[in-house]
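The values are calculated or read from the model by the stated rules, or taken from the named source; none is laboratory data. Since the model is a prediction, treat every value here as computed from it, not as a measurement. Neighbour counts run over all protein chains shown; Cβ positions are idealised from the backbone, glycine included. Side chains included, ligands, DNA and RNA excluded: accessible areas come from the protein's heavy atoms. Shrake-Rupley method; radii C 1.70, N 1.55, O 1.52, S 1.80 Å.
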Amino acid sequence: MSEKRLDIRSKNLIFCKYIKADFKQTITGHKKIKKLLISLVTITLTCVTSTVAFLAGVSQAQVLFYNHIDVDVIRPVFSLSLYIMTLYFTGLSTLMTTDLNKRACYILIPVYFFIIIYFVFSYDIASASKSIIDSLSLSLIEAIIGVYFTAFLLAFSRISCGLLVKLISLVCSGLTVSGLMGYFSNQIIFEFIITWILAIAVILTSNIIARKAVEGNQEFSWFREQVVFLAAIGGTSFYGSDLTDACFDGADLPHTDFRKTILTRTSFEGATRLDLSRLRGTILEQPNVRKLLTTKVGQYEDYTGANFEGASLKRADLTGAILKEVKALDADFSEATLTGACIENWSINSETRFTGVQCDYIYRELDKNGKPTARYPVSRNFEPGEFESLYQQVGNVVELIFQEGENWEAALFSLKKLQIEDEELGLELKGIEKRGDLWVVKVTHSKAFSRQEVELRLNSAFDEMKLQLAAKEKQINQLLGIVEDQAAALKNYSKQPLGTSNSFFIVGSTITNLSASGQIDYQEAVSQVRNVVANNSNLAEANHLAQSLLTQLQNQNIAPTPLQQAELIEQLILLEAQKDAFFKQIFVQQGQQFAAAMPDSAITTAVRNAIAQLTPR
């Protein structure tokens, strides 16, 4: 025996909390008696608006058969073609392919140029203006009004009452026109036929627009939105409610107002007719995301820039999906399949869940042709649980984000200051990561304080430190032991060995390898080494940067062998640690873990050797 479905049709459930509520198999929308009344009213109004189509046909027939006697055949030709073109651009064009539309324009538009030229050279201006004004008369206005009003009612009947009511409305509108034609039967037979054809053309154009709007055609999205708004009046409303972790699996959800609702991890698996509800301002208003949430199938789909914030994607199949720049804060990917997905610059946080994710490998970026590249892991698959441990963020982490060139190092000074002044915050530097043009400083804190409070205090201290740095730059640099002028510092290395190395020398700002005859700019090399270390919390990105650095050193013949690469990188790390106390602190704290997690290479060798020299024995 099937489970009885919860019926909440026409219920007003606004501004309520339904956290973890069970709405499985629920029915929403309008009650049956209300839907019957809506159907009858819609059919009646459609019949009324069809009279406008009849009047448009009559008015156009008047232009064709009576107004041309004192001029010539040009006026009726112009008037009829203008009538047809009006219907074409309001709806008929959506039926045609791009090529057919071009051909239609090639035929229709030149007609007007030739007729306008004829008017100008055959009549005086007053006569030509009168002819054009006569043609742009009541018939065109009536045709446009008839098309859109009838289309609105047909779309409304389809969305609110179903296909049967729409078909009844369409037939009744045609019968209304035919009835009016019979009542006003004093026309000549040819005029009667033309009037009927032109009136039916208006109704059929209305049907085309209604069908395209219901199907979600972007050209009529504004039209559909208004229809859905009207159809949802009197239906079920969750406006402003909190539906966190609620379950609508298998529910039928037409004519429901979800605006301003909180849909964090709300499940819609198997839900139907969501597209007939008011969804503005929620993740459900994105058609591709809505389809993913209801079907849980997104294999090889492109979700670039999509908003997955708070989405329930449990058990979703996202094999090979493009997740570039998606916003997945608070999303639930538990038990989802992410093998082959591209996660370039996606946004996740500590509330994004990856429990039980199935993933063999991912891609870190797209190439210029939009194809996934930079596979990770490079030559193996993830071990069970490895993806989760790599991307699941700790809850008590604050991320401070800075633009390229911004004085993000001031944030480190601010952190040190707060560590001393507010020990109860339990602040600890977790790492520094570079994401494109952004620098991300990650700081853990005591669970006794909220993330918002810690962010506020860190940002306040950061702003204060920036002012101090601007006012007393020399004094602060001296107190922190940082060399004020890097250019002057480089001169100290001029024509000197690089650190304790006998293979590498620095001349001016250029590092040279006397045995291999290659060279590289000191600042360029240091910047790349710092980037690798800065991305220690993102091992995929760090490995990518490390491989790029080693390839460059080999290609430029500055360090062609792994042994020379390790020696050069080790000396650069030691020199930077000597100049920058904060770099040394980060490196010593996390370098060993970084070297253990990374594949064996010249980089890991250099890191281990540098740690051995920097760590007190």
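Descriptive notes on the structure:
- Surface composition of segment 168-267: carbon plus sulfur atoms hold 66% of the accessible area, using a 1.4 angstrom probe and ignoring ligands, DNA and RNA.
- Neighbourhood net charge (13 Å Cβ-Cβ; Lys/Arg +1, Asp/Glu -1) for THR46: +2
- Overall form of segment 286-396 per C-alpha gyration tensor (a/c, 1.5; a/b vs b/c): rounded
- Nearest-0.05 FRET efficiency for LYS34 and GLU428, computed from C-beta distance (R0 60 Å): 0.50
- A simple spin-label model places pseudo-atoms 7 Å from Cα toward Cβ; at SER509 and THR355 they are separated by 5.3 nm.
- Euclidean distance between Cα centres, segment 151-169 to segment 254-328, Å: 27
- Shape call, segment 534-587: gyration tensor on alpha carbons, a/c limit 1.5: oblate
- Links that overshoot a 26 Å alpha carbon limit, given the list LYS417/LYS447; LYS296/LYS324; LYS17/LYS212; LYS291/LYS314: LYS17/LYS212
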